[in-house]
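Structure record follows, encoded as structure tokens.
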Ligand code: G3H
């Protein structure tokens, strides 16, 4: 296949951006050391396009950021963790207003850096803004339900949620803004302080937001570093001073970072990891509808989503019909540039097309066939989606999370075949179940709900809406994220207890009336 060569419209042309700054202790500092070049796989004049440079930061700067976050938390005595909830919310409101001003710059960088198409790039930005507003409202709600005293066994209790400490926050390249902020925002709003390092791709788009962070939060609350994990994240973990590792990415990175931490019980984990979500297609599924959902499930953003459908189990009675229609639908998908809003866009990781080819070759060597005409056609930055059939357990494509445009199909006779495979899998995030017969669906839903954390009936897997719980079993996640759940994941219940005696009650009343405590308060946040 030939490389896509198109004239880049004037408004989408990009000039290299030298990001020479980082944020530590409320100061935007100039980086004077080595830098790394950031390229887009989208070519200009036949070569990857240079998008700019980022600091390749060293360990001493990482430790300086850790020190700033530690000092800002000050073992729970800092300004930020002891601040009134309403005041913290005001800081967040200031931030979101400032962030909104950078929509166009961030979206342009999303398109160039990670090749996400235009409408999905705008969606990623807008969804993040909505997430921040919704988080503010959810925290008000949480605070309102805590603005009271309980009484049990002769003891009054004023129960709230308090911060955990210093959070190391690491996000993925596929949602470099949204998923990272879905960790960072609830972490800081709950009174924690954070060190945040962007993913390997989707880095420059954080640069326009440094000032908004600096101007909105007290010094040390948010610290932003650029560079390699081994020079930044590893030494930070080794100090044992991190209270929460918040990471969306691969479980191997999560495990190796946890291994560095000397005080394992101190470390709380908020992790979104890999998955191999199956689509199970029952004999009575509505084929037209199922194919549309399977296209979006397997190939939205080229399958580079943790929630993507990564294996399809199709009942043997309909598999030929399904394969024929699905192959045709895949071959009709448009490959193009992000700004053309094409459904298929280049793969941002330079090594991804060759990895996908390896998976295809291995499956073919072990007996599968590519069943769509364009499947596996290769360019410098793309491997056209290939459907492999029939896929078996010995193939790499069965075992690995492909995170790209290649789709394994497995025929089954008895429903226990996909169920047993799911039970044996290391992953347990979501499943898509396609069918109509309630007597067949009912027992299946009962089992599937215990194998994964979301059963999608006749629709592709997805994270949203963000108010719903997003989590996984086994090696797919630790903790639950959602607007509401994330606030819980980044905090702990803590309370003032007071025996019901006349003298204690009199003190409590005076404490409340004095309004001197930010923790003990029955104020109702509007
Ligand atoms: O990469 C995993 C994302 O959480 C998926 O989110 O289902 O909204 O694409 P999404």
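The values are calculated or read from the model by the stated rules, or taken from the named source; none is laboratory data. The shown structure was predicted, so the numbers you read here are calculated from the model rather than taken from an experiment. Heads up, the Cβs are rebuilt from the backbone with ideal geometry, glycines too, and the neighbour counts pull from every protein chain shown.
For the reader, a short list of remarks on this structure follows.
- Filtering 262, 350, 346, 283 for residues that are outside any helix (DSSP H, G or I), closer than 23 Å to residue 41 by Cα, away from the ligand (no atom under 15 Å from the Cβ) and touching a helix residue (DSSP H, G or I) at 6+ places or on another chain (Cβ under 9 Å) leaves a single hit, 346.
- Filtered residues of the range 265-274 (kept if under 18 Å from the mean Cα position of the chain (by Cα), more than 16 Å from the ligand (Cβ to nearest atom) and within 21 Å of residue 230 (Cβ to Cβ)): 269
- The residues of the range 328-359 that are under 24 Å from residue 411 (Cα atoms) and surrounded by 21 or more Cβ atoms within 10 Å (Cβ to Cβ), listed by number, are 330, 356, 359.
- Options 209, 245: the member that is in a helix (DSSP H, G or I) and closer than 30 Å to residue 87 by Cα: 209
- The listed residue being on the phi > 0 side of the Ramachandran plot and more than 16 Å from the ligand (Cβ to nearest atom), out of 506, 426, 515: 515
- Residue check for residue 226: more than 28 Å from residue 469 (Cβ to Cβ), crowded, with 20+ Cβ neighbours inside 10 Å and in contact with a strand residue (DSSP E or B) (Cβ under 6 Å, 6 or more places away or on another chain): yes
- Elements of type helices (runs of 4 or more DSSP H) in the range 61-145, at least 1 residues being without any contact (Cβ under 8 Å) to a residue 40 or more places away in the chain and in contact with a helix residue (DSSP H, G or I) (Cβ under 8 Å, 6 or more places away or on another chain): 85-100, 103-114
- Test: residue in the range 192-199 that is within 19 Å of residue 247 (Cα to Cα), modelled with pLDDT under 95 and within 16 Å of the ligand (Cβ to nearest atom): yes
- Residue identified as more than 26 Å from residue 403 (Cβ to Cβ), in a loop (DSSP other than H, G, I, E, B) and touching a helix residue (DSSP H, G or I) at 6+ places or on another chain (Cβ under 8 Å) among 176, 218: 218
- Subset tally (residues that are part of a helix (DSSP H, G or I) and in contact (Cβ under 8 Å) with a residue 24 or more places away in the chain) for the range 293-327: 18
- All positions within the range 371-396 that are crowded, with 20+ Cβ neighbours inside 10 Å, outside any loop (DSSP other than H, G, I, E, B) and without any contact (Cβ under 8 Å) to a residue 40 or more places away in the chain: 383, 386, 388
- Meets criteria (on the phi < 0 side of the Ramachandran plot, more than 16 Å from the ligand (Cβ to nearest atom), outside any strand (DSSP E or B) and touching a strand residue (DSSP E or B) at 6+ places or on another chain (Cβ under 7 Å)) for residue 159: no
- Yes/no for residue 187 being more than 16 Å from the ligand (Cβ to nearest atom) and either within 22 Å of residue 64 (Cβ to Cβ) or not in a strand (DSSP E or B) (or both): yes
- Candidates 459, 432, 479: the one that is within 15 Å of the ligand (Cβ to nearest atom) and at positive phi is 479.
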